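Each value in this text was obtained by applying a stated rule to the coordinates, not by laboratory testing. Since we're looking at a predicted model, the values are computed, not measured. Heads up, the Cβs are rebuilt from the backbone with ideal geometry, glycines too, and the neighbour counts pull from every protein chain shown.
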Amino acid sequence: MFVVISCSGPAAVRLEDASNCRELYVTSTGCPDSASLARTLVLAGAGTLADGGAHVWLSVEWLRLQGSVSQLPLWMAEFAGMLDYAKTKGWLDDTGEAVRAHLQAD
């Protein structure tokens, strides 16, 4: 799965390829600077920019609420497995409420 942050036109954050719990990254389009990107993330309730813009802390709850697959039992199990793996790598925050994802360049 990956998250797309769009700063051009109506700002939006959306989840793509939600059924793929084997990868997680963030990409952006039309964001002129990190401040615009950070603002769009926060306003959507999707997460916060981290590590000088190299990563994003994504809200686990926001990810869960996106798309129709998020209510399927198989997806819920795979998503939990993804978070368990992230925890072993230090990519899950101490509260378990945010997961770190790499921000790919625009």
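Numbers at a glance
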| quantity | calculated |
| --- | --- |
| Choice from R39, R22, R14 showing the highest fluctuation, given a GNM over the chain with Cα pairs closer than 10 Å | R22 |
| Dipole magnitude (debye, nearest 20) for segment 1-97, charges at Cβ of Lys, Arg, Asp, Glu | 140 debye |
| Sorted by Cβ neighbour density within 10 Å, fewest at the top, the residues T27, T88 | T88, T27 |
| Rel. contact order, % - alpha carbon contacts under 8 angstrom, at least six apart, segment 2-101 | 25 percent |
| No Cys partner within the rule (Cβ under 4.7 Å), the chain | C21 |
| In degrees, nearest ten, helix 34-44 long axis to first principal axis of the chain (Cα) | 50 degrees |
| Gaussian network model of the chain, springs between alpha carbon atoms under 10 Å - residue of G53, G67, G90 with greatest fluctuation | G90 |
| Surrounding net charge for W91, when Lys and Arg each add one and Asp and Glu each subtract one, Cβ distance under 15 Å | -2 |
